[in-house]
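Student: Quick one: the structure is below, and I'll ask about it shortly.
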Amino acid sequence: MIRSVVRGIGSALPRRIMKNADFEGMVETSDEWIAQRTGIRQRHIAADDETTASLGEAAARAALDNAGLTPDDIDLIVLATSTPNNTFPATAVEIQNRLGMRHGFAFDMQAVCSGFVYAVTTADLYIKGGLARRVLVIGSETFSRILDWTDRSTCVLFGDGAGALVLEAEESAGTIADRGVLAASLRSDGTHKDKLYVDGGPSTTGTVGHLKMEGREVFKHAVGMITDVIEDVFAQTGVSADTLDWFVPHQANKRIIDASAKKLGIAEDKAVVTVHLHGNTSAASVPLALSAAAADGRIKKGDLVMLEAMGGGFTWGAVLVRW
Ligand code: UT7
């Protein structure tokens, strides 16, 4: 059977780093509160000339370099984002243009923080369906543009950035020992819309709007939802917390990561954590964490890696990859 194998990975971050202490004069908060409640110590914030398209392009170029490929080798770009450059056209098509790609096709996916997990699953199906041989899967966000900078309960939590993977079709025996995307479990439930949403949009207010979140309510659901989809992937594949090599979770809150790993019985040192460096970068958080762990040599060829995310919608999902 055909498997979608990781061929390259890359990331990009805005130049400016904003530390927790930088919020202290803006809203009633403290470095101590932010660090203790979330694990976040800093985040990158995009300048005017840094956009979802420019960060996505930079991450894509880094992933292509890492793969030893050029844009000519790519058939499809799937961009996970909730902060597109424009309402339309899709920012993926803008990235396609920036890369000088005059063939193939590109589109955006919107599943908020779960976007990258949805996008990897989608790219895998395009590859298995024979519509594409090599896909750039990008998560790129500029959440700083949709934050209410006077709301301390949300503005300290998010950051900007991008990460990208190149997936490539490879003939395989179809066993769990083969490299590639092995299994996925995706969910959504719109009854939770009011707990995490943006209060604007083209078809309602005609404005971009600002992020609204009932953090405590999201927290209450997060661990159960995350562990459910991971247990589903464990059941589909026979992989267990013990045989897993790396757990690469969505980076929203260190306490959610720790509680999920504990509930699943995943050893603490298997969890890849970058929330202290990047904050919550929504669809970019999983590929940024993956990129960090691949670059420093933790994640190696053949390792079993579990990706997961949960966010607005609610949406949630998990994907198992043999690197
Ligand atoms: O990526 C999508 C998924 N999103 C998430 O996973 C986020 C999930 N939620 C969370 O991570 C946490 O709920 C938060 C970090 C958002 C909040 O942590 P918490 O431990 O749940 O705190 P809380 O909301 O219960 O608030 C505790 C107190 C409140 O004051 P009172 O009501 O106890 O007087 C808040 O007003 O902390 C206050 N507070 C702050 N204090 C200082 C809220 N934000 C801040 C702040 N600085 N920035």
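The values are calculated or read from the model by the stated rules, or taken from the named source; none is laboratory data. Since the structure is predicted, the reported quantities are computational estimates derived from the model, not experimental observations. Counting neighbours? That spans all protein chains shown, and the Cβs are built from the backbone with ideal geometry, glycine included. Side chains included, ligands, DNA and RNA excluded: accessible areas come from the protein's heavy atoms. Shrake-Rupley method; radii C 1.70, N 1.55, O 1.52, S 1.80 Å.
Student: Would you list which lysines come within 18 Å of residue 195, measuring only between C-alpha atoms, while excluding same-chain residues fewer than 8 positions from it?
Tutor: The qualifying lysines are 212, 220.
Student: What fraction of the DSSP beta bridges in the stretch 180-322 is antiparallel, stated in percent and rounded to the nearest 5? Show your work: numbers first, answer last.
Tutor: Numbers: 19 of 24 bridges.
So the antiparallel bridges in the stretch 180-322 amount to around 80 percent.
Student: Highest first, please rank the peptides 109-118, 241-250, 96-105 by the mean number of other Cβ atoms sitting within 10 Å of their residues.
Tutor: On the way: 109-118: 27.8, 241-250: 21.0, 96-105: 15.6.
Listed from highest to lowest mean packing, they are 109-118, 241-250, 96-105.
Student: Then there is this: Accessible area per residue for the stretch 170-323 in Å², computed with a 1.4 Å probe and the full protein assembly in place, what is it?
Tutor: Accessible surface, normalised per residue, equals 42 Å².
Student: Counting just the Cα atoms, what span does the chain cover along each of its three principal axes? Round to the nearest Å and put the largest first.
Tutor: The Cα atoms of the chain stretch 57, 46, 38 Å along the principal axes, largest first.
Student: Okay, next question. Using the Cβ atoms and a cut-off under 12 Å, what net charge is assigned to the surroundings of residue 114, where Lys and Arg are +1 and Asp and Glu are -1?
Tutor: Residues close to residue 114 contribute a combined charge of -1.
Student: With a ≥ b ≥ c the root eigenvalues of the C-alpha gyration tensor of the stretch 1-41, is it rounded (a/c under 1.5), prolate (a/b larger than b/c) or oblate?
Tutor: Prolate shape, in that a/c is at least 1.5 and a/b is the bigger ratio.
Student: Order of 229-238, 251-260 by packing, highest average Cβ count within 10 Å first?
Tutor: Going from most to least packed, we get 251-260, 229-238.
Student: Can you send over the solvent-accessible area of residue 11, 1.4 Å probe, protein chains only, in Å² to the nearest 10?
Tutor: Taking all protein chains as shown, residue 11 has close to 50 Å².
Student: Counting only helical runs of four or more DSSP H residues, what would the 222 nm mean residue ellipticity of the chain come to if each run contributes -39,500 (n - 2.57) and the total is spread over all its residues?
Tutor: Values: 9 runs with 99 residues, N = 323.
So the helix-based figure for the chain works out to -9500 deg cm²/dmol.
Student: May I pose another question? Along the charge dipole of the chain, Cβ charges K/R +1 and D/E -1, which of 233, 51, 186 sits furthest on the positive end?
Tutor: 233
Student: What's the magnitude of the charge dipole for the stretch 27-174 around its Cα centre, counting Lys and Arg as +1 and Asp and Glu as -1 at the beta-carbon? Answer in Debye, nearest 20.
Tutor: Numbers: 11 positive and 21 negative charges, 38 e Å.
In debye, rounded to 20, the stretch 27-174 gives about 180.
Student: When ranked by the protection proxy of mean other Cβ atoms within 10 Å per residue, highest first, what sequence do the peptides 66-72, 205-211, 177-183 form?
Tutor: 177-183, 66-72, 205-211
Student: Continuing with this model, one more query. For residue 128, list the lysines whose Cα falls under 27 Å from its own Cα; do not include residues on the same chain fewer than 8 positions away.
Tutor: The qualifying lysines are 300, 301.
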